[in-house]
């Protein structure tokens, strides 16, 4: 009995001591992922091995990218798991003991590392293993697999740079490149000096004589432009580190500025619109007072035929796609069509339906789509542009113009149609015949001229003229003090000048399109002039003219006398 009185307390004491040891366990279990190795490549079925150390270990949980995949109560265990792809993945093991202490270990398979790439000069395009990354130097690539990689840098004006680099997991690899410029220089001189230098169609901002540096090696197109001189153009080959020289002698360009002929049409012809036919080299003059068109030979400057039209022909256009002439008749609300080869009548196209209140205003051709556009003035109703097929001479569409339809012009470079009204220019897509946008201008648009060299649209409104960029439909500038009331305008491709007829002063105004400034005003050429045309073959300007006695003429302006 005395024995048990001693043993039982000893057993209770030992139990208490064991429980106290568990109670004071604050040591976290140790755990590690033995396989696969940290930073290794692992795809498909992979043996995952985990080892944990703790006297009171409870369990070990294993995760892949924070998703539970396995559980064990063993301190060392392994299992097979399928890693689906070669993307980076994190394998994490979490061991806990009976007191809730826990320890974590993790490794990464298929890891990525960082690659820092710099270059002098910067701004080079970065290629990695033959693929363009979309990055430019200086940059940091943060998703690069460890291993050997090929880095290539490309930059206009520099030789390509290429090298290999070894990327190591948990380290930032660095590439530092010095690019060698693949450029030379072009030395340009001219007689006379002061010509604008263009390289590959771009204005360099330099004037002769000058040297243009940092030009990429290879073949380039060099052009010089100068007011009152013909454009000069040549090719030049630029070599690495070399200087290629070009010396140009500019040829004077005698632009039309003198009256060389006056073609008499007759009394009360009231000529008001002109069009030039490049195939036959003829001028067509719409005579609103006689309801006909005078056909003028541009070589002899003689009237060779007269074609009858509808009532009050007010606008005229030639279509090179079918060699037909289209005449808009204001009072008869239709368009007369005749053959430019034979001057024979072809057809009449009705374009308006409310006589006296719905009149044709202007007509222009779109050779790209083989279309003819005729603008109508609706007198308060929604104005419209009528679209005529050049193949069938039938009306195929009508384009409503909320801002008003008036003068017309077509841009061959962008296949765009322009119509003017009060303080607005409406831009229309020549393919879809849909309105694209409108451009605000400071006045009522009376006339248009498209400048092919500058791809610019010039529109006259009173004493000023607006210049619109044909590429983006933005107003470039407004030329002030052009005249008092400039209506008709036309572009001369030979000297890149705009000619405009000022009704108030009866002067022919000449504007240099390089500088957008007035360079001359000619007398004794214009009088109530509403029609101008340019003959590119003879480099001549034709202008309608009505003298005080009512005699209608067409004035011919040719090159200035030397």
Worksheet entry | Unmet criterion (only one of (1) under 29 Å from the mean Cα position of the chain (by Cα); (2) farther than 17 Å from residue 118 by Cα; (3) buried (at least 18 other Cβ atoms within 10 Å of the Cβ)) for residue 153 | (2)
Worksheet entry | Residue tally, condition surrounded by 17 or more Cβ atoms within 10 Å (Cβ to Cβ), in the same structural domain as residue 218 (by TED's automatic domain parsing) and free of Cβ contacts under 8 Å to residues at least 60 places away in the same chain, over segment 233-292 | 2
Response to the item:
Filtering segment 529-561 down to residues that are assigned to a loop (DSSP other than H, G, I, E, B) and within 24 Å of residue 466 (Cβ to Cβ) yields 529, 530, 531
Worksheet item: Among strands (runs of 3 or more DSSP E) lying entirely in segment 472-512, which contain 3 or more residues that are buried (at least 22 other Cβ atoms within 10 Å of the Cβ)?
Response: 486-492, 497-502, 507-512
Fill in: Looking only at segment 451-465, and only at residues there that are touching a residue at least 24 places away in the same chain (Cβ under 8 Å) and surrounded by fewer than 23 Cβ atoms within 10 Å (Cβ to Cβ), the one that is nearest to residue 314 (Cα to Cα)
462
Worksheet item: Listed residues 486, 554; which is farther than 23 Å from residue 296 by Cβ, modelled with pLDDT of 90 or more and in the same structural domain as residue 457 (by TED's automatic domain parsing)?
Response: 486
Worksheet, complete the sentence: Checked 44, 134, 100, 123 against criteria (exposed (fewer than 13 other Cβ atoms within 10 Å of the Cβ) and closer than 30 Å to residue 178 by Cβ); the one match is 134
Item to complete: Give segment 330-346 a look and list any residue that's in contact with a strand residue (DSSP E or B) (Cβ under 8 Å, 6 or more places away or on another chain) and at pLDDT 95 or above, or say none.
Response: 335, 336, 337, 338, 339, 340, 343, 344, 345, 346
Worksheet item: Inside segment 132-157, can you point out the residues that are touching a residue at least 24 places away in the same chain (Cβ under 8 Å), touching a strand residue (DSSP E or B) at 6+ places or on another chain (Cβ under 6 Å) and assigned to a strand (DSSP E or B)?
Response: 140, 141, 142, 144, 149, 151, 152, 153, 154
Worksheet entry | Failed item in (1) under 25 Å from the mean Cα position of the chain (by Cα); (2) at pLDDT 95 or above, with residue 424 passing the rest | (2)
Worksheet, complete the sentence: Among 361, 303, the single one that is in contact with a strand residue (DSSP E or B) (Cβ under 7 Å, 6 or more places away or on another chain), surrounded by fewer than 20 Cβ atoms within 10 Å (Cβ to Cβ) and either in contact (Cβ under 8 Å) with a residue 60 or more places away in the chain or in the same structural domain as residue 550 (by TED's automatic domain parsing) (or both) is 303
Practice prompt. Kindly indicate whether any position in segment 187-196 is assigned to a strand (DSSP E or B), under 19 Å from residue 453 (Cβ atoms) and modelled with pLDDT under 95.
Written response: yes
Response to the item:
Considering only strands (runs of 3 or more DSSP E) wholly within segment 223-267, the ones with at least 3 residues that are farther than 30 Å from residue 526 by Cβ and either in contact with a strand residue (DSSP E or B) (Cβ under 6 Å, 6 or more places away or on another chain) or at pLDDT 90 or above (or both) are 232-238, 243-249
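The values are calculated or read from the model by the stated rules, or taken from the named source; none is laboratory data. Only a predicted model underlies this, so the values are computations on that prediction, with no experimental measurement involved. Glycine gets a Cβ as well: all are built from the backbone with ideal geometry, and neighbour counts include every protein chain shown.
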